[in-house]
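Asker: Below is one structure. I have some questions about it.
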Amino acid sequence: MTVKGVVSSLYAILLAAFCCPEDFCDGAVQVDTLWRVTAYCPCEKCCGQFADGITASGHVIQEGDKFAAGPKEIPFNTILDIPGYGAVPVLDRGGAIKNKRLDVFFPTHKEALEWGVRYLKVKECNSYKKQK
């Protein structure tokens, strides 16, 4: 991953941690139809051969991280506001993550299982306001 990619990922994580999508989106927040939102953790059961602690965007998973895995149509670092989980960047992909499906990241398998399967209206931030 390039330095620019690392900075972009960190910027998205910090924005998601301290803001609501409306605070930094340029009006391009859209409420979509229902999404099927499941959960995963970095274990082999969830990630198989990709259980190396690095997401598809090249982000190295750190303690306290919150992010989503989205379909390829949603660019990396797009902020999604997921009810019950928060405003988080898309930093990963997954084999079953297509169409109206998302995965949210949890640090443990137990927490991922507790999330279960939820059908939620998710807000997507397509572009950002220039920060001063």
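Asker: Show me 110-120, 50-60, 85-95, 33-43 ranked by packing, highest mean number of other Cβ atoms within 10 Å first.
Answerer: The densest-packed peptide leads the list: 85-95, 33-43, 50-60, 110-120.
Asker: Counting Lys +1, Arg +1, Asp -1, Glu -1, what net charge surrounds residue 40 among other residues with beta carbon under 11 Å of its beta carbon?
Answerer: Neighbour charge sum, excluding residue 40 itself: -2.
Asker: Given R₀ = 30 Å, what would the calculated FRET efficiency be for residue 115 paired with residue 60, taking r from the Cβ atoms and rounding to 0.05?
Answerer: Once rounded, the FRET efficiency stands at 0.85.
Asker: So, one more: Within the set of other residues whose C-beta is less than 10 Å from the C-beta of residue 59, count the net charge using Lys and Arg as +1 and Asp and Glu as -1.
Answerer: So the surrounding residues net to -2.
Asker: Using a simple spin-label model with points 7 Å from Cα along the Cα→Cβ vector, what separation in nm is obtained for residue 44 and residue 108?
Answerer: Rounded to a tenth, the inter-label distance reads 2.1 nm.
Throughout, read-outs are computed from the coordinates displayed, never taken from laboratory work. Bear in mind that the values here come from a model prediction, so they are computed numbers and not experimental data. Here Cβ is always computed from backbone atoms with ideal geometry, including for glycine, and neighbour counts include all displayed protein chains.
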